[in-house]
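Working notes for the structure below.
Values in this text are rule-based calculations from the coordinates and carry no lab data. Only a predicted model underlies this, so the values are computations on that prediction, with no experimental measurement involved.
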Amino acid sequence: HNEDIVRKGWGIVEKNQGKIYHLVMDMLTFSKERQPAMREAVLNETVGDVCELMQARAAECQIALECRLAPSMPTGTFDEEGIHRAVLNVVINAIDTIAGIEGGRVVVETGHDAAHDMVYVAVTDNGPGIPDDQLGRIFNIFESTKGGRGTGLGLAVSQKILREHGGEIRVESKPGFGSRFL
């Protein structure tokens with residue numbers, strides 16, 4: 001009957017339920033062939049939802065999470081749930097990478113390249129960067145630099161989803177200067 005203990009316990013249950021949900025969804029996404037549910041949608045809304053969802057986690061890790069949505073984005077045809085999952089995985093990865101770093105910052109931005117008729121999402125962090133010898137392996141399934149905290153599914157799932165949409169994830173990283181996933 002102690003409400004403080006119940007409230008604290010419930011917070012722990014909610015946090016772990018979220019982790020379990022994301023793990024199961026990543027496993028399902030990666031393990032089965034699927035056709036994206038393509039619909040007309042607004043990328044800024046999907047990316048904005050990810051930023052809103054991750055604000056509390058970023059604050060908990062003492063990280064500034066900035067969301068810079070391009071003001072004039074065209075409507076596109078994509079699988080909203082899939083793109084949400086792909087962007088979410090990259091943002092979670094960026095936050096986890098710089099958790100505990102003083103002045104940690106993750107910037108999520110959208111843009112439109114009219115010349116190539118494509119839209120993009122970029123996630124940039126000011127973390128330690130990715131060593132050259134690891135760069136070629138970061139999209140391998142079960143490859144994780146987080147030790148016991150990571151599953152090695154997030155980036156592999158994100159890449160799979162982007163490929164289902166005819167896209168690709170590019171990484172720019174320099175050890176000591178952070179990383180940019182585009």
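Couplings 3J(HN,Hα) of the range 56-72, computed from phi: 5, 5, 4, 4, 4, 8, 6, 10, 7, 10, 10, 10, 10, 8, 4, x, 10 Hz, in residue order, whole Hz [Karplus 6.51 cos²θ - 1.76 cosθ + 1.60, θ = phi - 60°; x for Gly and Pro]. For the range 175-182, the Karplus equation 6.51 cos²θ - 1.76 cosθ + 1.60, evaluated at θ = phi - 60°, returns couplings of x, x, 10, x, 9, 9, 9, 10 Hz by residue, with Gly and Pro reported as x. Estimated at 0.36 nm per residue, the fully extended path between PHE177 and ARG7 surpasses their Cα-Cα distance by 57.2 nm.
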